[in-house]
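Novice: Before I ask anything, let me first share the structure, which is written out below as C-alpha cells.
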Amino acid sequence: MLCCRCGRPLKIVSLIDAPSIIERILRHLKLWDRPQRPPPTPAPRTLDYDVEIAAWEDDLGSFDGTE
C-alpha cells in the first residue's frame, strides 16, 4: 500500500491489540457507541398460502384421517 501524500510504501510501525485501548480510541473518535440500524421490516404476510392449503385439503381430505 502506498502513501497518498508522498507515494512511498507504507509500513506497520505499531499494533494495538489491547481491547481497553481500542475502546478508548474509538470512544474518543465517537465511533464506539454508534447507533445500530433497526432490523429490516418483515415482509407483508399474506393469506394466499392458507387458502392454497385449504383448497388442497378439500381435494384430498384432512391430514389426520378424519373427514
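Residue by residue, here is whether (1) at pLDDT below 85; (2) surrounded by 10 or more Cβ atoms within 10 Å (Cβ to Cβ) holds:
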| site | (1), (2) |
| --- | --- |
| L2 | no, no |
| I21 | no, yes |
| K30 | no, no |
| D33 | yes, no |
| R37 | yes, no |
| P40 | no, no |
| A43 | yes, no |
| D64 | yes, no |
| E67 | yes, no |
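Novice: While we're on this one: Look at W56 and say whether it is in a loop (DSSP other than H, G, I, E, B), surrounded by 10 or more Cβ atoms within 10 Å (Cβ to Cβ) and either modelled with pLDDT of 90 or more or at negative phi (or both).
Specialist: Criteria not met by W56.
The values are calculated or read from the model by the stated rules, or taken from the named source; none is laboratory data. None of these values were measured; they are calculated from a predicted model. Positions of Cβ are generated from backbone atoms using ideal geometry, with glycine treated the same way; all protein chains shown enter the neighbour counts.
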